[in-house]
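Asks: I am attaching a structure below and will ask some questions about it afterwards.
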Amino acid sequence: MKIMIRTAPNGVTSVYVPKKDLEEPIVSMERPGMWGGLVTLANGWQLAMPEMPEGTTLPITVEARRTTTGEEA
């Protein structure tokens, strides 16, 4: 699914999913740089992020894969 990742002025990085009109902050990252690993959103969703070079600037729109629905917890 296409998602947009941005960092707010307060430093919180969030994901916006246009098809769901959903914006949630990222609460944990499998890898320090986020890219190529799983990120967990505040609603419980886990997204598999694409490989991107370190230092990729935000905001950016990428193709990510949802691995959970957030309803398991």
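Please treat every number below as a calculation from the coordinates, not as lab data. What you see is a predicted model; the values in this text were computed from it and never measured. Backbone-built Cβ (ideal geometry, glycine too); neighbour counts: all protein chains shown.
Asks: Of the listed values (1) 98; (2) 265; (3) 87, grab the one calculated as volume of the Cα convex hull per residue in Å³ from the structure here.
Replies: Of the listed options (1) 98; (2) 265; (3) 87, (3) comes from this structure.
Asks: In nm, to one decimal, how far is the Lys2 label point from the Ala42 one, both placed 7 Å along Cα→Cβ?
Replies: It works out to 2.5 nm between the two label points.
Asks: Please check: in the Gaussian network model of the chain (C-alpha springs, under 10 Å), which one of Gly36, Gly44, Gly11 has the largest mean-square fluctuation.
Replies: Greatest mean-square fluctuation among the candidates belongs to Gly11.
Asks: If I stretch the segment between Val27 and Glu54 completely, what's the gain in nm (0.36 nm per residue apart, minus their alpha carbon distance), one decimal?
Replies: Result for the pair: 7.8 nm of gain on full extension.
Asks: May I ask you to sort Val62, Val27 by Cβ crowding, counting other Cβ atoms within 10 Å and putting the fewest first?
Replies: Numbers: Val62 16, Val27 13.
The fewest-first ordering by Cβ neighbours comes to Val27, Val62.
Asks: Turning to a different aspect of this structure: If you take every residue apart from Ser14 with its C-beta less than 12 Å away from the C-beta of Ser14, what net charge results, scoring Lys and Arg +1 and Asp and Glu -1?
Replies: Details: positive: Arg6; negative: Glu23, Glu24.
Local net charge: -1.
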